[in-house]
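The values are calculated or read from the model by the stated rules, or taken from the named source; none is laboratory data. Just so it is clear, the structure is predicted and the values come from calculations on it, not from any experiment. Neighbour counts are summed over all protein chains in view; Cβ atoms, including those assigned to glycine, are modelled from backbone coordinates with ideal geometry.
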Amino acid sequence: MTRAQERSRTLYLVDGSAQVHRAYFAIRDLRTSQGLPTNATYGFTTMLKKLCEDEQPQWMGICFDVKGPTFRHQQYPAYKAHRPKMADDLAVQLPYVRRVCDVFRIPVIELAGVEADDVIATLAQQAVAEGLRVTVVSGDKDLLQLVSDEIRVLNPGREGSGSTLYDAAQVEAKLGVPPDRVTDLLALLGDAVDNVPGVPGIGEKGARDLLQEHGSLEALLERAETVKRKSYREGLLAHADAARLSKELVTLRTDLPVALDLEALRRREPDRGAAQALFRELEFTSLARELAPAPIPSHTEHERLVSEAAVSAAVEAARQAGRVAVSLLTSGTDPMRAEPQGAALCWRPHHAAYLPLGPGSGEGEPRLLALGALLADPAVSKLSANAKHDRIVLARQGLAWRGLAFDAPVASYLLDPGRRQHGLSGMAQDFLGESAPEGLPSDPDQAEGMFGDAAEALASQQADLAFRLAEVVGERLEAEGLAEIFESTELPLVEVLADMQVAGVKVDAALLREMSRELETRIQALTGEIHTLAGGPFNLNSPPQLREVLFDRLGLRPGKKTAKRRSSRSWPPITSCPARSWTTAAFRSSSRPTSTRCRF
């Protein structure tokens, strides 16, 4: 039977309580921007997601402990008496863990008065009786007692990585006893956390050796007087009843009043809408993006405005609306070299007007002036997909831009600084559930292929997305307490940086040219001196030639040696060498100055 065939006949039962506690202690100090702890929730979520992706379960359920005493407390009132109260920052996460199960559409199974392990054991035995295999997902060694030909235990490891699947052979390799002797081993060891007494003085090695020699706990207790080691013998004789009680406490029940319902446990696809909302609330940005609903294609209608009357009417409509999104189509991505080819204006959803501005557009200058008048009007709020770029391009045309109210990439960065990209495509998917076209080519030489109808549609769609994103993203900024800094600091800074880049940095060009000539003269003189002291010319920028001069001609001792060659990067201080007079000064000045344009 292949692994895929085996999985198709396997029920997966997750020990939810154990996995939540493991995640809580494995991941520290993870919180939302509002201070809500999320470490346990995040670790549990990533484990569950990876389990579903890797194993593709046919049936799956999650079992949790129920608060309150269990039948073990009735047997032994001191059971778990020393366990500390659950930490507050873990308790507050439990409702979110339940919501994670809900959005993944995985049923939760629990029963009052018993522990999750017992529910798992009962359901596992019922599944085996119906001819199924079972994989128990847990890092709790108590569940290894269930392992058989039909039942295995999967320890998913930390955050779902480094998993181990335990069969009978691996259980024996790990614990030193087969699965049917795990309860005997646990009974001897006891459990300080659960306050299971065990037999004092017997550790893991001792318990393993005793069971390997005597076979079972009962046989060991019957022959306790024959145990050679005094401390073991006395412990077994004095605590035989405690050992038997401990075995009862660690033995999982398989007769609970819970029925296996395979149809209810059939795994379904996650509720992507609910998952995205939950993970945004918890600020699990990557998970929210991965589990977002499949985006619908973004649709924007646009009209091409050619006549002066049509352009004037559009500009007036935008002015009356009081807010307009603007997206420039330019000849390249470098704003200091690009020329405007067209502009898309959007003042109502899913509709844009496109103004041709480039060569061949006929009345390009009047349209540019009409656009400039609109952009210069501070009473009209400007929304942009790339404000800094467009402001620079327009400034080089002598057009001012006032009243910037929204810049999509800046807002994206403010909400999620760790995100790799802050373009419209990702924002459209995250905030609008739509797929957007890719942006302009990164190579300005390729921009020519964007001209025409496709380019007009692209610019129009970018303006439309910027217009619709402004409201949605603005609400998110307000909810997270970022609206004020966005409006009072970030947006004005966009304008300042754009103006700085247009203005450039004033330098004394004549002084720089003179400095360059002086440095060139010094470099030539030092190079000549080096060649003289080295006994001949060589390329100072060639490591192989430099090694030959330093180590072979001058006989310097190398500081270290790599696998294949001597290194010239870390030779020891020169104490006696005819070339000492030139080494320091030469290498201080060995870099030729280059001419660089300063930009922000």
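From the list Phe44, Phe64, Phe25, Phe104, the one residue that fits, being among the aromatic types (Phe, Trp, Tyr) and modelled with pLDDT under 95, is Phe25. A residue that is modelled with pLDDT under 95 and either assigned to a strand (DSSP E or B) or under 17 Å from Gln341 (Cβ atoms) (or both) occurs somewhere in region 420-435.
Within region 148-199, how many residues are closer than 23 Å to Tyr79 by Cα and either in a helix (DSSP H, G or I) or at pLDDT 95 or above (or both)?
Qualifying residue count for the region: 9.
Of all positions in region 511-533, none carries a residue that is modelled with pLDDT under 90 and either under 29 Å from Gln397 (Cβ atoms) or touching a Leu at 6+ places or on another chain (Cβ under 8 Å) (or both).
Could you say whether any residue in region 477-489 is under 24 Å from Ala395 (Cβ atoms), surrounded by 17 or more Cβ atoms within 10 Å (Cβ to Cβ) and touching a residue at least 60 places away in the same chain (Cβ under 8 Å)? Yes, region 477-489 contains at least one residue that is under 24 Å from Ala395 (Cβ atoms), surrounded by 17 or more Cβ atoms within 10 Å (Cβ to Cβ) and touching a residue at least 60 places away in the same chain (Cβ under 8 Å). Of all residues in region 116-128, none satisfies being of a type in the set (S, T, N, Q), farther than 17 Å from Gly16 by Cα and either part of a loop (DSSP other than H, G, I, E, B) or within 32 Å of the chain's Cα centre (by Cα) (or both). Of all residues in region 379-393 being in contact with a helix residue (DSSP H, G or I) (Cβ under 6 Å, 6 or more places away or on another chain) and of a type in the set (A, V, I, L, M), which is surrounded by the most Cβ atoms within 10 Å (Cβ to Cβ)? Here the answer is Ala385.
Pick from Gln75, Gln125, Gln56, Gln93: which is over 29 Å from Val196 (Cβ atoms), in contact with a helix residue (DSSP H, G or I) (Cβ under 9 Å, 6 or more places away or on another chain) and in contact (Cβ under 8 Å) with a residue 40 or more places away in the chain?
Every option except Gln56 fails the conditions.
Condition first: aliphatic (A, V, I, L, M), more than 30 Å from Gln75 (Cβ to Cβ) and not in a strand (DSSP E or B). Can you find one or more residues in region 242-252 that meet it? Within region 242-252 (the criterion being aliphatic (A, V, I, L, M), more than 30 Å from Gln75 (Cβ to Cβ) and not in a strand (DSSP E or B)), the answer is no, since none of the residues qualifies.
Checked against the criterion of being of a type outside the set (Asp, Glu), out of contact with any Gly (no Cβ under 7 Å at 6 or more places or on another chain), touching a residue at least 40 places away in the same chain (Cβ under 8 Å) and surrounded by fewer than 21 Cβ atoms within 10 Å (Cβ to Cβ), region 200-209 contains not a single residue that satisfies it.
Of all residues in region 293-324 being in contact with a Cys (Cβ under 9 Å, 6 or more places away or on another chain) and outside any loop (DSSP other than H, G, I, E, B), which is surrounded by the most Cβ atoms within 10 Å (Cβ to Cβ)? Walk me through how you get there before you give the answer.
Initially, region 293-324 is screened for residues in contact with a Cys (Cβ under 9 Å, 6 or more places away or on another chain), giving 300, 302, 318, 324.
Those left that are additionally outside any loop (DSSP other than H, G, I, E, B): 302, 318, 324.
Values: His302: 22, Ala318: 23, Val324: 29.
The extreme case among them is Val324.
Scanning region 82-114 for residues that are over 22 Å from the mean Cα position of the chain (by Cα), buried (at least 19 other Cβ atoms within 10 Å of the Cβ) and not in a loop (DSSP other than H, G, I, E, B) returns a single hit, Ile109.
Flag: Ser246 matches the condition of being modelled with pLDDT under 95, out of contact with any Ser or Thr (no Cβ under 7 Å at 6 or more places or on another chain) and surrounded by 16 or more Cβ atoms within 10 Å (Cβ to Cβ). On the stretch given as region 440-476, residues that are surrounded by 15 or more Cβ atoms within 10 Å (Cβ to Cβ), modelled with pLDDT under 85 and not aromatic (Phe, Trp, Tyr) total 5. Once region 394-419 is narrowed to residues that are farther than 18 Å from Ala498 by Cβ and surrounded by fewer than 15 Cβ atoms within 10 Å (Cβ to Cβ), the residue that is modelled with the highest pLDDT is Pro417.
Inspection of region 211-228 finds no residue satisfying the criterion of being modelled with pLDDT of 90 or more, under 43 Å from the mean Cα position of the chain (by Cα) and either assigned to a loop (DSSP other than H, G, I, E, B) or not assigned by TED's automatic domain parsing to the domain that holds Ile106 (or both). When region 280-292 is filtered for residues that are closer than 19 Å to Gln421 by Cα and not in a loop (DSSP other than H, G, I, E, B), the ones remaining, listed by number, are Arg280, Thr285, Ser286, Leu287, Ala288, Arg289, Glu290.
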